[in-house]
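See below for the structure under consideration.
The values are calculated or read from the model by the stated rules, or taken from the named source; none is laboratory data. Since the model is a prediction, treat every value here as computed from it, not as a measurement. Ideal geometry is used to build each Cβ from the backbone, glycine not excepted, and the neighbour counts take in all protein chains shown.
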Amino acid sequence: MDFQPTEEQRALRAGLREVLAARFGQDALRAAVAAAEAGAPVVDRRLWRELGDTGFFALGLPEEAGGVGLGLPEAVLLFEEAGRALLPGPLVATWLAAGTVPGAAEGRVLVTAYDLGDGLVTYPAEADAVLGGSGPAAVAAGRPAVAAGPAASVDPLTPLGRAARSEGTAEAPGTAGSVGTAGTAGTPGSAGSAGTARPAAAGPGGAGGPGEPAPYRREGALLTAALQVGSALRTTELAVAYAGRREQFGRPIGAFQAVKHLCAQMLVRAELARTAVYAAAVTGDPVETAAAKLLADEAAVRGARDCLQVHGGMGFTWEAEVHLHLKRAWLRAEQWLTAAEAEEALAADLTES
Amino acid sequence: MDFQPTEEQRALRAGLREVLAARFGQDALRAAVAAAEAGAPVVDRRLWRELGDTGFFALGLPEEAGGVGLGLPEAVLLFEEAGRALLPGPLVATWLAAGTVPGAAEGRVLVTAYDLGDGLVTYPAEADAVLGGSGPAAVAAGRPAVAAGPAASVDPLTPLGRAARSEGTAEAPGTAGSVGTAGTAGTPGSAGSAGTARPAAAGPGGAGGPGEPAPYRREGALLTAALQVGSALRTTELAVAYAGRREQFGRPIGAFQAVKHLCAQMLVRAELARTAVYAAAVTGDPVETAAAKLLADEAAVRGARDCLQVHGGMGFTWEAEVHLHLKRAWLRAEQWLTAAEAEEALAADLTES
Amino acid sequence: MDLTYTEEEEAFRARLRDWLAGALAKLPPKPSPGDWPGRRAYDAGWQRALYDAGYADLHWDASPTQRLIFLEETERAGAPYVGANFVGLLHAGPTIAAEGTPEQRERWLPPILRGEEIWCQGFSEPDAGSDLAALRTRAVRDGDDYVVTGSKIWTSHAEVADWCELLVRTDPRAPRHRGISWLAMPMDAPGVTVRPLRTLAGSAEFAEVFLDEVRVPVRNRVGDENDGWRVTMVTLSFERGTAFVGEVVACRRVLAELARAARRSGRWDDPALRRRLGRLHAEFGALWRLTQWNVSEAQRSPGGVPGVGGSVFKLRYSHARQELYDAAAEVLGARALVLDGEGGPWVADRLSSLSYTIAAGTSQIQRNIVAERILGLPKGG
Amino acid sequence: MDLTYTEEEEAFRARLRDWLAGALAKLPPKPSPGDWPGRRAYDAGWQRALYDAGYADLHWDASPTQRLIFLEETERAGAPYVGANFVGLLHAGPTIAAEGTPEQRERWLPPILRGEEIWCQGFSEPDAGSDLAALRTRAVRDGDDYVVTGSKIWTSHAEVADWCELLVRTDPRAPRHRGISWLAMPMDAPGVTVRPLRTLAGSAEFAEVFLDEVRVPVRNRVGDENDGWRVTMVTLSFERGTAFVGEVVACRRVLAELARAARRSGRWDDPALRRRLGRLHAEFGALWRLTQWNVSEAQRSPGGVPGVGGSVFKLRYSHARQELYDAAAEVLGARALVLDGEGGPWVADRLSSLSYTIAAGTSQIQRNIVAERILGLPKGG
């Protein structure tokens, strides 16, 4: 047993961090917000393509299918970085669609998913395809059917629209246009880790068991949790940096216990969530995935809140990065698996074990 | 409108505080714990009688019935003091039984009640009578019927026993021996306050409405909340005193923000609960009573917990007063109205209003 | 302990209710949030109506109980908020009334009451948030003027204000709290630049005010030179008095609406959510009673300055308000992500509730105040 | 990131499991909590059994992963806790191993491993709780002895211990952390008085130890004179390593029992309670993974000293444990008030869980450590 990331895994993560620092730093983030506000597309297609070139989306596909042949453990490390950078775009759905929707693996198309309740869908105008259906088969149904038009999203970097069917389920509005199943080609897991492969275990015909979400929904929840962990780690860093810099009453506010302890709790939540996400990535276990999503959502939302509190008034400006973390964290908490759903899944497991 | 206590009310409270300081101080408290541990009776009958002489139990009875002719607002002030002093004995049930059970008003008898779930009853060996039944009629049924014998109480100063019927309801095990209804003689409320009277509103035949607890149960919850408020105020004082005295790292621990803020939150909870209790006493409103019990239970339990945290290791000794507050607060939280019941009652009111 | 109102108080309430019913019917349409001149005109018009009906000086001269009734009834009736008149009525006005010369009172108070002049507040600075006394805006005496240079932040209604109550440092060598003075600065003075400040809620409710050698006559100073900190504290103590009465009433209404929304959507069947709302019902009910408690206390002390209950109230209320909007988000589910949908106003209000544990002194500072001033714990840390 | 165990590790686990099955069958009946000699004999007997089977030195010499497997398996099998051997195996022993002379190691280590000598800890003092360096127990050199006077508190197994690892102040003029030395004190030395200390749980798990001019030979000092603080820190770092592995395994078992109890009583139908337990399931699952994470980290660093994960773990775990027993109280309802009823062990465990946010450094101190040492925030406050 060696739960720590390998050298290769660390290098993979560091590589993406470098790419994002160069291609999506503070200025790019502000520019993206300004663009989104002006009604321009949010996602930088060139960057999306570059991500595709690095193998970001094809990470989980077998090498013979043009993929990288790695597994969820590597994926969560990369998604953590994307979450840290607040990178916009339907990263999770496009990753899940790689191997199913042509062009997804290469970063040539944006794929969104019905991963929200109340008939909402992300990136309604920009997405080229939508992943849908609750069964194991992921369905690419062309552009998401947006009936009632766009909805003003609380997160400026995640546009929302109302899907044609809006009964509040995450089902596909139309299941026509099926082009295959997501990643059912047996992807080898990384050496030595159990169950890291894409949903090879569940055949195209059946989900993992009664009440168990389809594998791609489970993976969607896990990768979203990884984004949340990245955000939680980032808001911890932002809070610590500000607390060390900002002076009030003659000393850095980080010298005051109240601020110090807020920061400590942020780190504790982020680190525990990170561990849960890594563990779920390694085991592929649905109960551990539910735990990971639950803890990561909480770490991200509360982390952003506490970061705001540490920043005081200065965190309340539109220009500050903090509110973008909070809004994105709120949004992600509703994606794939909500807290109530996760808690019920965990509770059910308690009496079964 | 003048919500603050009148001079007379303040004097009443100060008077009891003086009596209790003289008759039930730190040493008496420790002696009572030691006696209880040795299997001796917990309640000091002489003190009980003295309380009767001061009008403590007869406070709510009309003057023509030998009472004091005051109302719930005065009662909660007195019960707050009793809670602060950790005075043992079935104070609430005996107060409710005044006018019903002979000798209760004068402090000559101890009256307990079926105010706990799971067939538990307090002071099984010491009580002379038990108040029971869930209807408006309070029933004195002689000594509580203890079937399975005593149960080891978590609170050394509140002995517990198992009642004959133990289906987990708070119903009377036997309703024989009815000697009248509690306080149905129209007691005048204090001047200028609405609905402060004892349960005169509900006739002997019917409770206040569907799902609404019998008036005496409502009063039981309110007076118990007042005891909790007293405990919360006391643990706040204990924490503040210790934090100002105890030095660590070269200064009083109360100079550290972490400790300071714990104490501030204790006060905030206690003060809000106190306000809620006073308001419910003045209005007699069942929804405000539920709010008062909920907030007071929380203030007492969390106050004792925080007090323990402030005291560090020194609060963990048997000799320290802190744990007695915590254990009593746990117990009272289960009496008359639990948090879940209170929350449901409050929720029901939300959609009715 | 008496929660019934006197006959006079009830009569006041009845008259006010009658008047409100008529006055609100004549109200012009509400301007959009970004229309500052429109908002100024709307708020000023409402203040003028209050003035004509004899309710203008309720924040100054009425008994605390009358003020409570006024705030309760206006909120219940859906009357406009104090809006652009906030600083004039609740900060600058009371300060001038308490500390100004007869000439200053004569000059500035009547236009405030009639809704003719709008004030804004120039206290906070980028480097002096909760630590207000760290302010650095300098005022240098030059003949009959102060020459003021610096910048202020979190100023509401700066775009349309006539006057700014300004805190400046007049003696940089004095201890922090000593060398501060209070000035009334005309907003049209040369050198004043206003830049809207967009908040995380996306709106521009606040502004930054930049001061570049602005000349303010010395006669516009209220109180002695370098005595501005004391003068200001008189003002600030009002902020934690009855300032939140209307909001508590509003929160109780919002909570009831939330419960009804939950019933409609079926979320009410979830006991965890239901009990969470029940708990908030207890919370806001008690906060309302705490307001009455604090008002009763103020009523008894002749100065009418609110006691310690203010900090207790603010600590709990700011947290409860955030809890309320978090609960709203739980009721709404994914709809809490949409600004213009069914969750619309709730989502925007949720965003603005985030400032409550920070504005007017962070919760951390409030806890220090409670611990040190009420509980007497040692300073420091 | 690999959570599978190597073949060798799995083989170790299998052997251990086999051995445990046999060894536990031969275990004598468990002594009552108040029977200190009985407890000593029981714990020492179990340690001897471990020794004979080759498992005695797992806390010292085995790889962190083997230690993890050992703790996991012994807890799962219901084997006795480390009990009276705790200080010897986990504090004093490792300190002597790391800092002692060859003679000291030879004298004290083998009897610890064989369960022949029991150690207790004399660190805390009434006036030095979380601020351990404030200790005041004095040791004055007199020839070949130190003469020790003072008192210690929160000492477990003092009644039956042979040795006490004692921190004393040998230079009262040196800065707080400097003038401290580490001594091995024989508990039968004249001048040592042990007084049981009753805790709020009603039990006497701890004792106070009073020292009145106790003579301790200078050769019993481990490390240099006045270097005891550094020597001690080596020891303390072990406490936050794998020390809680068994407890996490136990908590997960308790949680599952709780869920079953809730199903039996019908409380499981309450979604609020159910979800609360579900959340705890996530919590303890993640804490278990965090243990593996920390062990993997220790495995990589040759010294084997646990990293920052220890403080993170302790902060979260101590809180989670209290949450667990609060949840248990909610499941039990009024039965949580009865010590000898159905809620019996849970009620007692709830009481003892209260110490977790205090013992071995309060949560407040732990947060300081995390903020200052891990996050690099400034000291003070």
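With respect to the conditions (1) at negative phi; (2) in a strand (DSSP E or B), D:G150 falls short on a single one, namely (1). As a summary of the residue check, C:D212 satisfies the conditions (1) away from chain A (no Cβ under 14 Å); (2) assigned to a strand (DSSP E or B); (3) in contact with a Lys or Arg (Cβ under 9 Å, 6 or more places away or on another chain) except for the one numbered (3).
Taking helices (runs of 4 or more DSSP H) as the structural unit, those lying wholly within the stretch A:254-353 and holding at least 1 residues that are within 8 Å of chain D (Cβ to nearest Cβ) and aromatic (F, W, Y) correspond to A:257-283.
Scanning the stretch D:18-34 for residues that are more than 18 Å from D:A56 (Cβ to Cβ) and in a helix (DSSP H, G or I) yields D:A21, D:A25. For the stretch C:209-231, check the following and say yes or no: at least one residue is out of contact with any Asp or Glu (no Cβ under 7 Å at 6 or more places or on another chain), among the basic types (K, R) and under 25 Å from C:T357 (Cβ atoms). Looking for residues that are out of contact with any Asp or Glu (no Cβ under 7 Å at 6 or more places or on another chain), among the basic types (K, R) and under 25 Å from C:T357 (Cβ atoms), one finds none in the stretch C:209-231, hence no.
Within the stretch D:247-288, the set of residues being within 10 Å of chain A (Cβ to nearest Cβ), farther than 20 Å from C:P271 by Cβ and small (G, A, S) comprises D:A256, D:A282, D:G285, D:A286. Might you check whether a residue that is over 24 Å from the mean Cα position of the chain (by Cα) and surrounded by fewer than 24 Cβ atoms within 10 Å (Cβ to Cβ) occurs anywhere in the stretch B:298-311? For the stretch B:298-311, residues over 24 Å from the mean Cα position of the chain (by Cα) and surrounded by fewer than 24 Cβ atoms within 10 Å (Cβ to Cβ): present.
May I ask you to list the residues in the stretch D:58-85 that are more than 16 Å from the chain's Cα centre (by Cα) and part of a loop (DSSP other than H, G, I, E, B)? Of everything in the stretch D:58-85, those that are more than 16 Å from the chain's Cα centre (by Cα) and part of a loop (DSSP other than H, G, I, E, B) turn out to be D:D61, D:A62, D:S63, D:G78, D:A79.
On the given criteria, is A:L12 closer than 30 Å to D:D2 by Cα, under 18 Å from the mean Cα position of the chain (by Cα) and within 14 Å of chain D (Cβ to nearest Cβ)? Give the steps one after another, and end with the answer.
Working: closer than 30 Å to D:D2 by Cα: yes; under 18 Å from the mean Cα position of the chain (by Cα): yes; within 14 Å of chain D (Cβ to nearest Cβ): yes.
Yes; evaluated as a whole, the condition is true for this residue.
Residues in the stretch A:35-55 include none that are within 30 Å of A:G161 (Cβ to Cβ) and within 14 Å of chain D (Cβ to nearest Cβ).
Across the stretch A:29-57, the number of residues qualifying as without any contact (Cβ under 8 Å) to a residue 12 or more places away in the chain and surrounded by 15 or more Cβ atoms within 10 Å (Cβ to Cβ) comes to 1.
For D:G333, are the conditions met, namely being within 7 Å of another protein chain (Cβ to nearest Cβ), on the phi > 0 side of the Ramachandran plot and of a type outside the set (K, R)?
Details: within 7 Å of another protein chain (Cβ to nearest Cβ): yes; on the phi > 0 side of the Ramachandran plot: yes; of a type outside the set (K, R): yes.
In short, yes.
If we only count strands (runs of 3 or more DSSP E) wholly inside the stretch B:100-169, which ones have 1 or more residues that are touching a Lys or Arg at 6+ places or on another chain (Cβ under 6 Å) and modelled with pLDDT of 75 or more?
Numbers: elements: B:111-113, B:120-122, B:129-132, B:146-151, B:160-163.
Strands (runs of 3 or more DSSP E) meeting the threshold: B:146-151.
Set side by side, the residues D:R13, D:R48 differ, and just one is part of a helix (DSSP H, G or I), under 25 Å from D:C251 (Cβ atoms) and modelled with pLDDT of 95 or more, which is D:R13. For C:D18, the stated conditions do not hold, so it cannot be described as over 24 Å from the mean Cα position of the chain (by Cα) and within 14 Å of chain B (Cβ to nearest Cβ).
Looking only at the stretch B:236-243, decide whether some residue is facing chain C (nearest Cβ under 9 Å), free of Cβ contacts under 8 Å to residues at least 24 places away in the same chain, buried (at least 24 other Cβ atoms within 10 Å of the Cβ) and assigned to a helix (DSSP H, G or I). The answer is yes; a qualifying residue exists. Filtering C:R367, C:R373 for residues that are within 14 Å of chain B (Cβ to nearest Cβ), over 30 Å from C:G266 (Cβ atoms), touching a His at 6+ places or on another chain (Cβ under 6 Å) and not polar (S, T, N, Q) leaves a single hit, C:R367.
With the structure loaded, tell me whether A:L72 is closer than 23 Å to A:T289 by Cα, of a type in the set (A, V, I, L, M, F, W, C) and crowded, with 24+ Cβ neighbours inside 10 Å or whether it fails that test. Answer is yes for this residue.
Residue-wise test of (1) modelled with pLDDT of 90 or more; (2) hydroxyl-bearing (S, T, Y); (3) surrounded by fewer than 21 Cβ atoms within 10 Å (Cβ to Cβ); (4) in the same structural domain as C:G22 (by TED's automatic domain parsing).
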position	(1), (2), (3), (4)
C:D57	no, no, yes, yes
C:F70	yes, no, no, yes
C:A79	yes, no, yes, yes
C:N85	yes, no, no, yes
C:L89	yes, no, no, yes
C:G93	yes, no, no, yes
C:P126	no, no, yes, no
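Of the residues in the stretch D:310-324, at least one is within 21 Å of A:E352 (Cα to Cα) and surrounded by 21 or more Cβ atoms within 10 Å (Cβ to Cβ). Look at (1) touching a residue at least 40 places away in the same chain (Cβ under 8 Å); (2) part of a helix (DSSP H, G or I); (3) out of contact with any Phe, Trp or Tyr (no Cβ under 8 Å at 6 or more places or on another chain) and you find that B:G67 fails only one, number (2).
Take C:G278 and decide whether it is under 30 Å from A:A320 (Cβ atoms) and assigned to a helix (DSSP H, G or I). In short, no.
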